[in-house]
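Engineer: Structure below; questions to follow.
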């Protein structure tokens, strides 16, 4: 069950939004404050919580507002509160809000409700009141994670109601965590693994009060740190993690997931959301370029840009789907991202160390593969440990901008010989070949240090570097000496490097042959 489209009429700044078509996987809402992002999320939530919008949200000077939510299949696939029998045509819920009453008059099925968009449904004999979607797991539809999700107090009692009820804040976080860790072993292990990956700490529950259980970080068998002592970010992450662990065929509405969360934890959370989007639908508003880059590059993501203008001194909201590369650049720049860091090149070469990058970029490429000078960008990742993370970020960057394959196999990664390097390069091969990358683009050299490719005249200095690998001063001093040699006797340097660095030069020539040179 997923929401296929939404239409708002006379709701806040939306006079008539027309149909807003959604992805069944991930939908991202971007735009400045007061543009209408929260209105979209609350309008969706209205089908499960009749307090998310009220008569106060009707556009000024209007008497009736309408929210129309469409589904891709009839609602009879849901467990309804009242046992109401529905027919195959019930794919749309119409919700009317009236100024004459403090709340809405009710929810109505299209085809069974008012004939006119703003006809009073109370006066229409064909109107059928929709009872609303359930608010108890697992029969509910929506997991809400809105801006005001912080809880003043946490419920400690563990009951069927507190472990299953869907509320707007994290007040029931303790019993929900306890339900996970005392449930099926597979679910418990999944929760522990996700906490370790995102929070870097284990989370459990403990009976340390008379009221019930509290979510904690265990220190010893009798010593615990409450999650409330860890900051708002931990609570926010746990609230989402708990729901993501068990969700299947549900809808998440998430307002600004980046709030109170460190970028590293945020990226791990976004990876989990992307994984769970295979069988859940997400509506996410954000002001973060990280969120947009990480999720916006998914082919099943639809990004909507909202803006607000004053028309006759009245706020007017509009929404537009972000589609072209230019619109994607603009969207990220509005969110404070500077994509100039990568620029447009025909190919990219990731290297393990900056010393290797300098020699390859400033000498080997210009001399032996001059056509690559303006075609390829070299990037040093400052150590093999950071290689995969940097490559992942790069990949998401270009997938987001282009969503096409022209850049996919125009990127090469080269690492030195070694056990750790082999593990990393094989992991990258396994990961990316599944998505269409060529295994040949992930290369491991036969020598464990790039300095071993320097001419034989530097043997003593090379041996010193190899015997003390952690000494960067030696590497830098040797690099400086090699560059001086190149500058002072370029002809001899070319001859000697052609022999000592033949393996590297051959790889560069292969890359040169595979890049389309204009």
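Each value in this text was obtained by applying a stated rule to the coordinates, not by laboratory testing. Just so we're clear, the structure is a prediction, and the values are computed from it rather than from any experiment. Don't worry about glycine lacking a Cβ; one is built from the backbone with ideal geometry, like all the others, and counts go over all protein chains shown.
Engineer: Say R0 is 41 Å: what FRET efficiency, to the nearest 0.05, do residue 54 and residue 389 get from their beta-carbon distance?
Structural biologist: 0.35
Engineer: Given the chain, what percent of its DSSP beta bridges are antiparallel, to the nearest 5?
Structural biologist: Of all bridge pairs located within the chain, approximately 55 percent are antiparallel.
Engineer: So, R0 is 35 Å and r is the distance between the beta-carbons of residue 62 and residue 167; what FRET efficiency does that work out to, to 0.05?
Structural biologist: Computed FRET efficiency for residue 62 and residue 167 comes out at 0.70.
Engineer: Please give the helix 502-514 orientation as an angle from the longest Cα principal axis of the chain, in degrees from 0 to 90, rounded to the nearest 10.
Structural biologist: Between the helix axis and the principal axis of the chain, the angle is about 50 degrees.
Engineer: Is region 472-518 rounded, prolate or oblate when judged by the Cα gyration tensor, a ≥ b ≥ c being the square roots of its eigenvalues, rounded requiring a/c under 1.5 and prolate requiring a/b larger than b/c?
Structural biologist: It is prolate, given that a/c is not under 1.5 and a/b is the larger ratio.
Engineer: Follow-up question, since we're still on this one. Working out 0.36 nm times the residue gap between residue 329 and residue 201, then minus their Cα-Cα distance, what length gain in nm do you get to one decimal?
Structural biologist: Gain on stretching residue 329 to residue 201: 42.5 nm.
Engineer: Still on this structure, I have one more. Can you classify region 148-246 as rounded, prolate or oblate using the Cα gyration tensor, where a ≥ b ≥ c are the square roots of its eigenvalues, rounded means a/c under 1.5, and otherwise it's prolate if a/b beats b/c and oblate if not?
Structural biologist: Since a/c stays below 1.5, the shape of region 148-246 is classed as rounded.
Engineer: Rounded if a/c is under 1.5, else prolate if a/b beats b/c, else oblate: with a ≥ b ≥ c from the C-alpha gyration tensor eigenvalues square-rooted, which is region 12-80?
Structural biologist: oblate
Engineer: Tell me the mean residue ellipticity at 222 nm calculated for the chain from its helices only (DSSP H runs of n ≥ 4, each -39500 (n - 2.57), averaged over every residue, nearest 500).
Structural biologist: Helix contribution divided over all residues of the chain: -10000 deg cm²/dmol.
Engineer: Determine which residues of region 221-252 fall in the zone a paramagnetic label at residue 192 would reach in this model, i.e. backbone nitrogen under 16 Å from the point 7 Å along Cα→Cβ.
Structural biologist: 221
Engineer: With the crude spin-label approximation of a point 7 Å out along Cα→Cβ, what separation in nm comes out for residue 136 versus residue 229?
Structural biologist: Here the answer is 3.6 nm between the modelled labels.
Engineer: Moving on to the next point. If I compute Rg and Dmax of the Cα atoms in Å from the structure I just sent, which labelled value in (1) 25.2, 81; (2) 28.8, 97; (3) 24.7, 94 lines up?
Structural biologist: Derived directly from the coordinates: (2).
Engineer: Over what distance in Å are the Cα centres of region 258-284 and region 7-47 separated?
Structural biologist: Cα centres, region 258-284 to region 7-47: 20 Å.
Engineer: Express in nm, to one decimal, how much length is gained between residue 300 and residue 430 on full extension, taking 0.36 nm for each residue of separation and deducting their alpha carbon distance.
Structural biologist: Separation in residues times 0.36 nm, less the Cα-Cα distance, equals 44.6 nm.
Engineer: What nm value, rounded to one decimal, do you get for the distance between residue 211 and residue 262 when each label is placed 7 Å out toward the C-beta?
Structural biologist: 2.9 nm
Engineer: Further, regarding this structure: Against the longest principal axis of the chain, how steep is helix 387-402, in degrees 0 to 90 to the nearest 10, with axes from Cα atoms?
Structural biologist: The answer is roughly 60 degrees.
Engineer: Subtracting the Cα-Cα distance from 0.36 nm times the residue separation, let me have the gained length for residue 468 to residue 447 in nm, one decimal.
Structural biologist: 6.0 nm
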